[in-house]
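Okay, so here's the structure we're looking at.
The values are calculated or read from the model by the stated rules, or taken from the named source; none is laboratory data. Keep in mind that what you see is a predicted model, and the values were worked out from it rather than measured. All Cβ positions, glycine included, derive from the backbone under ideal geometry; neighbour counts span all protein chains shown.
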Amino acid sequence: MTAQMTEPLALYVHWPFCVSKCPYCDFNSHVRDSVDQMAWRDALLNDLAHEASVLPGRRLGSIFFGGGTPSLMPPATVAALLDAAERAWGFAAGIEITLETNPSSVEAARFADLAAAGVNRVSLGLQALDDRTLAFLGRAHDVTEGLAALDTAQTVFERVSFDLIYARPDQGLADWHAELARALSFGTEHLSLYQLTIEPGTRFQTEAAAGRLVLPDADRAADLFELTRALTASAGLPAYEISNHARPGAESRHNLTYWRYQDYAGIGPGAHGRRIGVATQRRRKPENWMDAVARNGHGIEQEDALAPQERAIEAMLMGLRLAEGLDLARIATLGDRPIGELADLRAIGRLIEQGLLTRDGERLRATEAGMPVLNAILGEIVRVPATA
């Protein structure tokens with residue numbers, strides 16, 4: 001049995017439906033007035049059963065309910081999926097079961113039922129702590145409602161995370177300092193802090209193209225990033241990943257599975273997975289996914305065996321996001337070739353001299369100075385295979 005087969009498996013459950021149109025993502029086509037909940041429960045259970053059949057003998061270390069508005073999934077459906085997952089795989093000790101949720105009063109009212117169903121961690125989409133920004137981001141909640149939901153979450157669940165978006169138009173260092181200091185005062189164990197980016201096909205992209213949305217320049221963004229890391233570290237929530245901060249021991253075990261390039265199964269419309277060197281992708285449109293499950297017993301649209309070099313590249317792209325960095329020996333094993341054929345060792349040496357990377361034996365890490373320019377670093381060191 002390989003080391004990979006003994007590592008805990010992660011399960012991602014994608015619930016695609018949104019309660020309202022979202023200006024900064026591309027799931028607007030997934031807004032539905034009503035959902036046949038029993039049909040959805042059965043389809044998700046069938047999709048799960050398929051993944052269990054191709055991944056026998058594993059134990060689940062984490063489960064994550066994400067997507068549109070999974071906190072509006074009926075607690076009975078959550079409980080049924082957890083029961084099926086435990087029977088199929090078994091749960092590792094202290095399994096982390098996370099549900100992504102919006103901080104609305106409607107969803108907060110369901111927290112106790114979701115906890116009773118087995119959820120022990122929530123990720124709350126606060127996104128900002130001032131009402132003008134929330135309106136700009138297109139959020140339905142205001143600060144008062146959001147903080148009330150956070151208070152309920154911290155009362156009901158063992159573990160809580162929330163996210164904020166910074167590097168917003170016209171946001172100064174003093175503004176972000178005050179907002180982040182307030183966020184840290186709530187005593188939450190985990191924060192996800194993302195710089196605002198423009199995604200293709202969104203309203204924000206249209207606004208940016210027309211010159212009506214201008215994000216901070218690279219220097220200001222770097223200053224905001226540095227401030228973020230300094231404040232969180234001083235509050236006892238150091239960055240363990242480029243955008244994620246936690247008390248020691250409170251890191252997201254599920255997301256660490258992705259960043260450490262370990263196996264995860266994905267079920268539900270649009271869900272991706274990586275299992276034993278195979279990349280899976282479910283059909284994205286809910287109705288097409290449902291039809292595929294009824295026809296095939298699963299919703300898979302693509303199932304591609306990854307070449308060793310592809311796996312090594314993916315592992316490098318993910319692993320350097322972590323404060324712990326990556327193991328070059330493991331990268332070589334994944335890529336089935338010497339590390340010098342997968343990574344530019346000369347570029348790594350130059351970046352170490354520049355103070356952007358550090359190497360201790362086989363462990364390669366980005367430094368504090370390197371993290372803000374990580375994409376550029378990866379572009380220099382990752383050897384992309386030549387295309388025919």
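A few points about this structure:
- One residue alone among E96, E86 is acidic (D, E) and out of contact with any Gly (no Cβ under 8 Å at 6 or more places or on another chain), and that residue is E86.
- Residue-level analysis places G201 outside the set of residues that are in contact (Cβ under 8 Å) with a residue 60 or more places away in the chain and surrounded by 15 or more Cβ atoms within 10 Å (Cβ to Cβ).
- Just one of the listed residues (G270, G340, G355) is at pLDDT 95 or above, in a loop (DSSP other than H, G, I, E, B) and over 28 Å from T98 (Cβ atoms), and it is G355.
- For the criterion of being within 25 Å of S252 (Cβ to Cβ) and free of Cβ contacts under 8 Å to residues at least 12 places away in the same chain, S192 fails.
- Taking the conditions (1) outside the structural domain of L45 (by TED's automatic domain parsing); (2) under 25 Å from L326 (Cα atoms); (3) surrounded by fewer than 18 Cβ atoms within 10 Å (Cβ to Cβ) in turn, P238 satisfies each one other than (1).
- Residue, nearest to the chain's Cα centre (by Cα), within the range 246-268, restricted to residues that are among the basic types (K, R) and farther than 17 Å from I313 by Cα: R253
- Scanning the range 144-155 for any residue that is in contact with a helix residue (DSSP H, G or I) (Cβ under 6 Å, 6 or more places away or on another chain), crowded, with 16+ Cβ neighbours inside 10 Å and of a type in the set (D, E) turns up at least one such residue.
- Unique match (being part of a loop (DSSP other than H, G, I, E, B), among the hydrophobic types (A, V, I, L, M, F, W, C) and outside the structural domain of W15 (by TED's automatic domain parsing)) among A369, A279: A369
- Residue that is surrounded by the fewest Cβ atoms within 10 Å (Cβ to Cβ) [pool: residues in the range 43-76 that are over 18 Å from I276 (Cβ atoms) and of a type in the set (V, I, T)]: T69
- Residue match in the range 317-325 (condition: more than 25 Å from S243 (Cα to Cα) and either surrounded by fewer than 16 Cβ atoms within 10 Å (Cβ to Cβ) or not basic (K, R) (or both)): no
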